[in-house]
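**Student:** Encoded as structure tokens, here's the structure I'll be asking about.
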Amino acid sequence: MRPGADGAGGPRAALNLYSPLSRIVRGEPATVPLQASVRDALELMERRHSRFVVVADPATRVPLGIFTLRDLVGRVALPGGSLEEPIALAMTSGLLVLEPQASAHQAALAMARSGVRHVVVVDGGGRLVGVVSQEDIFGLQRVGVREVDDRLREATDLAGLQEAARAIRGLAGGLVAQGTSAETLTHVLTALNDLLTIRVIELASDQHELPPVPMCWMALGSAGRLEQTFASDQDNALLFEVEEDDAPAVRLMLLPFARAVNRMLDACGIPSCAGNVMAGNPDWCMTLSGWKRTFARWILEPTPEAIRLATVFFDFRAVHGSAALAERLREWLLREVSGRTVFLRQMAESALVFRPPLGTLRGFVLDRSRAFPHTLDLKMAGSVLFADAARILGLARAVPHTSTAQRLREVAEAGFFAPETLAGLIDGFHFIHLLRLRNQGRPGLAPGGGNRVDPRLLNDLDRHVLREAFRQARRLQETLVAEYGLRS
């Protein structure tokens, strides 16, 4: 295998948190049968230079357990066990199992929820494909995330969470300074904020009596798209499943818990949403049926307010709890919305309200902000334009991904964009996002100025690339105009 290649034969640098586990698995894992001894397992691990061995049925290749060096210490060495004892007594049998098409981000969250360090990848028949470790996931990001993850696990109170949150911002700030790409930056920042949210939920759960019902904490908006910046506030919701008659009582039990999570996240530096789009708001704590009714009302009666809410809520993503509930909601939504041309056309009209700030010649058109004169709004006149258009094109084609870049990639795979067009769109979106991140990291920034930039303060190259990025946003809007027969 050539240097820099992954197990699938492609460049490892091209992998990211959206990559399927099938591309991350590194070769055939070491396996032993259930009848093997601890010594047999250790000898194989030594020969294979492996830190673990999978216990699997030789005939069916169904994994039965995993044995790691931690198991050796905790279950053999410290209790005074023998190397001749059966591996079945020392292995970890409660496996975390995912299929090859699951993403690296799903694996990272699953490991965080379960408190384990390995995911066993199996095919549709339950047969062993490989193993992905925490180190494999963290290696995709090329940063020392492990220390932050450990700090979060050790946090037992708000002070510990706040310390971990500061470490997250420090790590992300360091990545900006190192010139890390925008996609990697937002992946890392969102993934770490997910881990922070999970730990906050765990601690809040210990302090509240929760009903024994399936539930899911969902991220919305930029967090739902895995596109958070340093200035992102909270957008979240709760989804649960009970009989409709029991829903009001269950909601009353969940709301104090949800509000506690919202308060703790705010105290950790993820501000509360000014519009109260948070799980602690009774309007956004609903059953699966309730969410379907709400989404259906927005789709069938696309008022300006319904469209505004859809741009936030239709980017939902499971963070903690029953991810299957969120996927059921997504499957229903994609079936319901993909053929609703009137609703999608209304969304497209709304997406054209803001236009890229490009002049007729080579300059920019500065808006009339009194608070930030001579600046451009990189969010509303930049990133949002890409996100809105990608959402519409993705929903129309039942694309399950929520991130802007992945939606565009999926639309392109369906033949809608040429490869060179797709590359320009994604590069333009990521450049504007990177400028926002760099700007938000500047010391002494005025409140609300994180998404503003004075083009006169950019170097010649950045100004040129920014103009081209805005042209890509304009191209994407022109695509919506043509797709839905709108006025340019």
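The values are calculated or read from the model by the stated rules, or taken from the named source; none is laboratory data. Given the structure is predicted, the values throughout are model-derived calculations rather than measurements. As a convention, Cβ positions derive from the backbone with ideal geometry for all residues, glycine included, and neighbour counts pool all protein chains shown.
**Student:** With the requirement that a residue be more than 20 Å from Ala159 (Cβ to Cβ) and among the β-branched types (Val, Ile, Thr), what does region 254-291 give you?
**Tutor:** Matches in region 254-291: Val277, Thr287.
**Student:** Which residue, of Leu445, Leu476, Leu486, is among the hydrophobic types (A, V, I, L, M, F, W, C) and crowded, with 16+ Cβ neighbours inside 10 Å? Steps first, please.
**Tutor:** Numbers: Leu445 fails: crowded, with 16+ Cβ neighbours inside 10 Å; Leu486 fails: crowded, with 16+ Cβ neighbours inside 10 Å.
When all the criteria are applied, what remains is Leu476.
**Student:** Now, a different point. Could you count how many residues in region 148-185 are among the β-branched types (Val, Ile, Thr) and modelled with pLDDT under 85? Walk me through it before giving the result.
**Tutor:** First pass over region 148-185, keeping only residues among the β-branched types (Val, Ile, Thr): 148, 156, 168, 176, 180, 184.
So of that shortlist, the ones also modelled with pLDDT under 85 come out as 148, 176, 180, 184.
Counting residues in region 148-185 that are among the β-branched types (Val, Ile, Thr) and modelled with pLDDT under 85 gives 4.
**Student:** Got a sec? Which of Leu395, Leu329 is closer than 30 Å to Ala110 by Cβ, assigned by TED's automatic domain parsing to the domain that holds Ala274 and touching a residue at least 60 places away in the same chain (Cβ under 8 Å)? Talk me through it step by step, then tell me what you get.
**Tutor:** On the way: Leu395 fails: assigned by TED's automatic domain parsing to the domain that holds Ala274.
Criteria check complete, one pass: Leu329.
**Student:** What do you reckon, is Ala310 buried (at least 21 other Cβ atoms within 10 Å of the Cβ) and either closer than 20 Å to Ser403 by Cβ or assigned by TED's automatic domain parsing to the domain that holds Met215 (or both)? Spell out the reasoning first.
**Tutor:** Values: buried (at least 21 other Cβ atoms within 10 Å of the Cβ): yes; either closer than 20 Å to Ser403 by Cβ or assigned by TED's automatic domain parsing to the domain that holds Met215 (or both): yes.
The answer is yes for Ala310.
**Student:** Please go through region 331-378 and give me each residue that is aliphatic (A, V, I, L, M) and loosely packed, with under 15 Cβ neighbours inside 10 Å, ordered by number. Can you show your working first?
**Tutor:** The initial filter retains those residues of region 331-378 that are aliphatic (A, V, I, L, M), namely 333-334, 337, 342, 344, 347-348, 351-353, 358, 361, 365-366, 371, 376, 378.
The answer is Val342, Val353, Leu361, Val365, Ala371.
**Student:** Out of (1) more than 17 Å from Thr229 (Cα to Cα); (2) touching an Asp or Glu at 6+ places or on another chain (Cβ under 7 Å); (3) part of a helix (DSSP H, G or I), the odd one out for His430 is which?
**Tutor:** (1)
**Student:** Restricting attention to region 379-388, and to residues there that are among the aliphatic types (A, V, I, L, M) and surrounded by fewer than 22 Cβ atoms within 10 Å (Cβ to Cβ), which single residue is farthest from Glu478 (Cα to Cα)? Quick ask: steps written out before the conclusion?
**Tutor:** Going residue by residue through region 379-388, those that are among the aliphatic types (A, V, I, L, M) are 380-381, 384-385, 387.
So of that shortlist, the ones also surrounded by fewer than 22 Cβ atoms within 10 Å (Cβ to Cβ) come out as 380-381, 384.
Working: Met380: 17, Ala381: 15, Val384: 15 Å.
Selected residue: Met380.
**Student:** Taking the conditions exactly as written (outside the structural domain of Ile307 (by TED's automatic domain parsing), under 22 Å from the mean Cα position of the chain (by Cα) and among the hydrophobic types (A, V, I, L, M, F, W, C)), does Leu458 satisfy them or not? Give the derivation first.
**Tutor:** Values: outside the structural domain of Ile307 (by TED's automatic domain parsing): yes; under 22 Å from the mean Cα position of the chain (by Cα): no; among the hydrophobic types (A, V, I, L, M, F, W, C): yes.
So Leu458 fails the test.
**Student:** Counting only residues that are touching a Ser or Thr at 6+ places or on another chain (Cβ under 8 Å), more than 30 Å from Ala223 (Cβ to Cβ) and aliphatic (A, V, I, L, M), which one in region 78-130 is surrounded by the most Cβ atoms within 10 Å (Cβ to Cβ)?
**Tutor:** Ile87
**Student:** Okay, next question. For residues in region 89-135 being small (Gly, Ala, Ser) and part of a helix (DSSP H, G or I), which is modelled with the highest pLDDT? Before the answer, list the steps.
**Tutor:** Going residue by residue through region 89-135, those that are small (Gly, Ala, Ser) are 90, 93-94, 102-104, 107-108, 110, 112, 114-115, 124-126, 130, 133.
Okay, now just the ones that are also part of a helix (DSSP H, G or I), so 90, 104, 107-108, 110, 112, 114.
On the way: Ala90: 94, Ala104: 84, Ala107: 86, Ala108: 80, Ala110: 81, Ala112: 71, Ser114: 75.
Across region 89-135, the extreme among qualifying residues is Ala90.
**Student:** Out of (1) buried (at least 16 other Cβ atoms within 10 Å of the Cβ); (2) not aromatic (Phe, Trp, Tyr); (3) not in a loop (DSSP other than H, G, I, E, B), what's the single condition that is false for Arg456?
**Tutor:** The single condition Arg456 does not satisfy is (1).
**Student:** What's the number of the condition Ala396 fails, among (1) buried (at least 19 other Cβ atoms within 10 Å of the Cβ); (2) under 30 Å from Ala177 (Cβ atoms); (3) touching a helix residue (DSSP H, G or I) at 6+ places or on another chain (Cβ under 9 Å)?
**Tutor:** Of everything listed in (1) buried (at least 19 other Cβ atoms within 10 Å of the Cβ); (2) under 30 Å from Ala177 (Cβ atoms); (3) touching a helix residue (DSSP H, G or I) at 6+ places or on another chain (Cβ under 9 Å), Ala396 misses just condition (2).
**Student:** Can you tell me which residue within region 30-55, out of those that are of a type in the set (D, E, K, R) and part of a helix (DSSP H, G or I), is surrounded by the most Cβ atoms within 10 Å (Cβ to Cβ)?
**Tutor:** Of all residues in region 30-55, those of a type in the set (D, E, K, R) come to 39-40, 43, 46-48, 51.
Those left that are additionally part of a helix (DSSP H, G or I): 39-40, 43, 46-48.
Numbers: Arg39: 13, Asp40: 17, Glu43: 15, Glu46: 9, Arg47: 9, Arg48: 15.
The qualifying residue surrounded by the most Cβ atoms within 10 Å (Cβ to Cβ) is Asp40.
**Student:** Shifting gears a bit: Among the residues of region 388-407, are any of a type in the set (Val, Ile, Thr) and farther than 30 Å from Ala324 by Cβ? If you could, list the steps in order and put the result at the bottom.
**Tutor:** We begin by selecting, within region 388-407, every residue of a type in the set (Val, Ile, Thr); these are 392, 399, 402, 404.
The next check asks that each one be farther than 30 Å from Ala324 by Cβ; those that pass are none.
No, the conditions are met nowhere in region 388-407.
**Student:** Ok, one more. Taking the residues in region 162-217 that are closer than 23 Å to Thr404 by Cα and among the polar types (S, T, N, Q) as candidates, determine which candidate is surrounded by the fewest Cβ atoms within 10 Å (Cβ to Cβ).
**Tutor:** Going through the qualifying residues, I end up with Ser181.
**Student:** Across region 254-281, what is the total count of residues that are exposed (fewer than 14 other Cβ atoms within 10 Å of the Cβ) and either assigned to a helix (DSSP H, G or I) or not aliphatic (A, V, I, L, M) (or both)? Please lay out each step first, then the result.
**Tutor:** Filtering region 254-281 for residues exposed (fewer than 14 other Cβ atoms within 10 Å of the Cβ) gives 271, 274-276.
Add one more test, that the residue is either assigned to a helix (DSSP H, G or I) or not aliphatic (A, V, I, L, M) (or both), and what stays is 271, 275-276.
Residues flagged as exposed (fewer than 14 other Cβ atoms within 10 Å of the Cβ) and either assigned to a helix (DSSP H, G or I) or not aliphatic (A, V, I, L, M) (or both) within region 254-281 amount to 3.
**Student:** Follow-up. Taking interchain pairs and intrachain pairs at least six residues apart, which have beta carbon atoms under 6 angstrom, with the first residue in region 57-77 and closer than 12 Å to Leu42 by Cβ and in the same structural domain as Val119 (by TED's automatic domain parsing) and the second basic (Lys, Arg) and outside any helix (DSSP H, G or I)?
**Tutor:** Leu69/Arg51
**Student:** Can you find a residue that is under 19 Å from the mean Cα position of the chain (by Cα) and within 19 Å of Thr197 (Cα to Cα) anywhere in region 289-310? Please lay out each step first, then the result.
**Tutor:** Going through region 289-310, the residues under 19 Å from the mean Cα position of the chain (by Cα) turn out to be 310.
Among the residues that remain, those that are also within 19 Å of Thr197 (Cα to Cα) are: none.
Checking region 289-310: not a single residue is under 19 Å from the mean Cα position of the chain (by Cα) and within 19 Å of Thr197 (Cα to Cα).
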